[in-house]
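Here is the structure we will look at, set down as structure tokens.
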Amino acid sequence: MTSTETPSPWEVYGNWAEGKPLVVGPWSLGLYQPAPESVAYWEAVERRELRLPRCVRCETFHHPRRLVCFSCDAEEFEWTLSSGRATVYSFTTVHRDLSGVGGPTPYDVGIVRTEEGVHLFTRFVNRSEKALRIDDAVEVDFEELPIGFVVPVFVKASVAAETTR
Ligand SMILES: [Zn+2]
């Protein structure tokens, strides 16, 4: 890295391998510390790509941090580009900002089930003021937090289609 490049947030805030807790204000943001098995996931997210590990033997998709395929016990995975399409599996509305990084409230957080069958914990971005519902179609998008981390978020598919026209 040259001195003119902005260091990645991982360099600024430490990383899992160094054993440094990632803290912003009084809050520990362990979610954003890449463990060795999820570094490729977060590197893809920085490029605005949602990539999921797919078993090279049986082609089952997994959550980013799995080390062994639960279908066939294989230990080799290929980081495969997700369609980005999912449905709302579960969610709750947060009315008080506890993140330590600021941001408007209320907002929705919860779990999506991707087209590939993987469940991901996420924040929902509601750009339409229409209330989120279970089984709503959603699509991945990416947002950069004030501290520099890019995170995947999900937006209602109908709203995503309207904003890209
Ligand atoms: Zn497998």
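The values are calculated or read from the model by the stated rules, or taken from the named source; none is laboratory data. Note that the structure is a prediction, hence the values are computed from the model and not measured. Using ideal geometry, Cβ is built from the backbone for each residue, glycine included, and neighbour counts are taken over all protein chains shown.
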- Query: What are the residue pairs meeting all of these: first residue in the range 42-71, first residue under 25 Å from Leu145 (Cα atoms) and more than 8 Å from the ligand (Cβ to nearest atom), second residue among the basic types (Lys, Arg) and in a loop (DSSP other than H, G, I, E, B), Cβ atoms under 7 Å, and 6 or more apart or on different chains?
  - Reply: Pro53/Arg66
- Looking at the range 99-108, is at least one residue more than 19 Å from Asp141 (Cβ to Cβ) and within 16 Å of the ligand (Cβ to nearest atom)? no
- Message: Can you tell me which of (1) modelled with pLDDT of 95 or more; (2) in a loop (DSSP other than H, G, I, E, B) is the one Asp97 doesn't meet?
- Response: (1)
- Among residues of the range 48-94, those that are among the basic types (Lys, Arg) and part of a loop (DSSP other than H, G, I, E, B), counted: 4
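If we keep just the residues of the range 126-165 that are of a type in the set (A, V, I, L, M), part of a strand (DSSP E or B) and modelled with pLDDT under 90, which is nearest to Thr93 (Cα to Cα)?
The qualifying residue nearest to Thr93 (Cα to Cα) is Val151.
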